[in-house]
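The values are calculated or read from the model by the stated rules, or taken from the named source; none is laboratory data. Predicted, not measured: the structure shown is a model, and the values here were computed from it. Note: ideal-geometry Cβ built from the backbone for every residue, glycine included; neighbour counts use all protein chains shown. The area values use the complete protein model at the heavy-atom level, side chains included, leaving out ligands, DNA and RNA. Shrake-Rupley method; radii C 1.70, N 1.55, O 1.52, S 1.80 Å.
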Amino acid sequence: DGGITQSPKYLFRKEGQNVTLSCEQNLNHDAMYWYRQDPGQGLRLIYYSQIVNDFQKGDIAEGYSVSREKKESFPLTVTSAQKNPTAFYLCASSTGTAETQYFGPGTRLLVL
Amino acid sequence: GQSLEQPSEVTAVEGAIVQINCTYQTSGFYGLSWYQQHDGGAPTFLSYNALDGLEETGRFSSFLSRSDSYGYLLLQELQMKDSASYFCVRRGFQKLVFGTGTRLLVSP
C-alpha cells in the first residue's frame with residue numbers, strides 16, 4: 001500500500017537534546033513538507049523540499065534542520081535551539097504542483 | 001499577506017446542512033483547498049478550487065469566488081462522524097498556508 005509513515009508516534013526530549021523525527025513515503029512524490037501544529041491551531045510550515053538535495057525554510061524554521069538525501073525520506077531534527085518544541089509534527093508529500101498534500105499520522109513531541 | 005479567516009466553531013444537528021466560510025488575502029493566490037482533521041489524527045484532503053464556481057464531491061461541496069476573495073465548504077446530510085476540524089487552505093507557489101480551522105460539532 002502506498003502512503004506516508006512517520007516514526008515514532010510519541011517522542012520525549014530532554015533539555016539540550018537534539019531529536020530526529022522520521023518521515024518516509026512510497027508515493028513517488030517529488031515534494032515533501034514538515035508542519036508543526038499546536039493545540040487548537042492550524043498547521044505552520046517548518047521546511048519543505050521540492051527535489052532531492054534541495055530544501056527551503058518555511059515560516060518557522062528556527063531551531064529545526066532537515067535533509068533530503070533520498071526521494072523517499074525527509075527527516076526533521078529538532079535541535080536544542082528550539083526552546084518550545086512540544087507540539088504535534090506532521091509530514092506531508094505531494095506532486096510538484098502541491099494541489100493535494102498527503103499526510104503521515106504525525107509524531108507528538110514532549111519535553112521532559 | 002497570507003492570512004485566512006474562518007469561524008472558530010460551528011454546531012449543527014445530524015441531517016442538517018452547514019456552511020463554513022473562508023476569506024483570504026489574494027497575494028500570490030493559486031487556489032483554495034479544504035482539509036478535514038479528526039482529533040488526534042492527520043489532515044485529509046477534501047477539495048480544491050482553482051477557478052470560480054462550485055465543486056461537488058458526494059455530501060461535500062466547495063465554492064470559490066476569486067473576485068470576492070471568498071470560499072466556502074458546504075456539508076450536507078450531516079453525520080456524527082463529520083465532527084472534526086475543517087481547514088481552509090490557501091495554495092501559493094510550491095506551498096500551502098493553513099487557516100486556524102473551524103471546529104464542527106454535530107449533535108444527535
Report task. Select from the stretch B:33-51 the residues that are open to solvent by less than 30 Å² (accessible area, probe 1.4 Å) and more than 10 Å from every other protein chain (Cβ to nearest Cβ) and write down the one among them that is nearest to A:L90 (Cα to Cα). Result -> B:Q36
Report task. With the checklist (1) assigned to a strand (DSSP E or B); (2) farther than 27 Å from B:Y86 by Cα; (3) more than 14 Å from chain B (Cβ to nearest Cβ); (4) modelled with pLDDT of 95 or more in hand, flag the one item A:F12 doesn't pass. Result -> (4)
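Condition check ((1) of a type outside the set (S, T, N, Q); (2) under 25 Å from B:R90 (Cα atoms); (3) open to solvent by less than 70 Å² (accessible area, probe 1.4 Å)) across all residues:
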| residue | (1), (2), (3) |
| --- | --- |
| A:S22 | no, no, yes |
| A:I60 | yes, yes, yes |
| A:F88 | yes, yes, yes |
| A:S93 | no, yes, yes |
Requested in this report: Can you confirm whether the stretch A:32-40 contains a residue that is touching a residue at least 40 places away in the same chain (Cβ under 8 Å), within 14 Å of another protein chain (Cβ to nearest Cβ), among the polar types (S, T, N, Q) and surrounded by fewer than 16 Cβ atoms within 10 Å (Cβ to Cβ)?
Outcome: no
Requested in this report: Please identify the pairs in which a residue from the stretch B:65-85 that is farther than 19 Å from B:T26 by Cα has its Cβ atom under 7 Å from the Cβ atom of a residue that is among the polar types (S, T, N, Q), counting only partners at least 6 apart or on another chain.
Outcome: B:L74/B:Q19; B:L74/B:S61; B:A84/B:Q36; B:A84/B:Q37; B:S85/B:Q37; B:S85/B:T102
Query raised in the report: Residue check, A:A87 against (1) among the small types (G, A, S); (2) facing another protein chain (nearest Cβ under 9 Å); (3) within 17 Å of A:Q41 (Cα to Cα), all met but one. Which one?
Result: (2)
**Report entry** Pair list, Cβ under 8 Å, 6 or more apart: the stretch A:57-83 residue at pLDDT below 95, other residue of a type in the set (D, E) and open to solvent by 60 Å² or more (accessible area, probe 1.4 Å)
**Finding:** A:S80/A:E15; A:A81/A:E62; A:Q82/A:E62
Requested in this report: Among the candidates A:Q17, A:Q56, A:Q50, single out the residue that is over 27 Å from B:E9 (Cα atoms), open to solvent by 60 Å² or more (accessible area, probe 1.4 Å) and of a type outside the set (G, A, S).
Outcome: A:Q17
Query raised in the report: Does the stretch A:49-82 hold any residues that are assigned to a strand (DSSP E or B) and away from chain B (no Cβ under 14 Å), and which are they?
Result: A:Y64, A:S65, A:V66, A:K70, A:S73, A:L76, A:T77, A:V78
Requested in this report: Hey, can you tell me all the residues within the stretch B:7-31 that are touching a residue at least 60 places away in the same chain (Cβ under 8 Å), within 15 Å of B:Y48 (Cα to Cα) and open to solvent by 50 Å² or more (accessible area, probe 1.4 Å)?
Outcome: B:Y30
**Report entry** Total residues in the stretch A:92-112, condition over 11 Å from A:L11 (Cβ atoms), more than 9 Å from chain B (Cβ to nearest Cβ) and modelled with pLDDT of 95 or more
**Finding:** 1
Query raised in the report: Which residues, counting only those in the stretch B:86-108, are in contact (Cβ under 8 Å) with a residue 24 or more places away in the chain, within 14 Å of another protein chain (Cβ to nearest Cβ) and assigned to a loop (DSSP other than H, G, I, E, B)?
Result: B:G92, B:F93, B:G99, B:T100, B:G101
Query raised in the report: If you check every pair at least six apart or on different chains, which have Cβ atoms under 8 Å apart with a residue in the stretch A:90-112 that is under 17 Å from A:L21 (Cα atoms) first and a residue that is of a type in the set (G, A, S) and surrounded by fewer than 17 Cβ atoms within 10 Å (Cβ to Cβ) second?
Result: A:G104/A:G3; A:P105/B:G41; A:G106/B:G41; A:T107/A:S7
Query - Criterion: open to solvent by less than 20 Å² (accessible area, probe 1.4 Å) and more than 14 Å from chain A (Cβ to nearest Cβ) - qualifying residue of B:L54, B:L64, B:L73 - result: B:L73
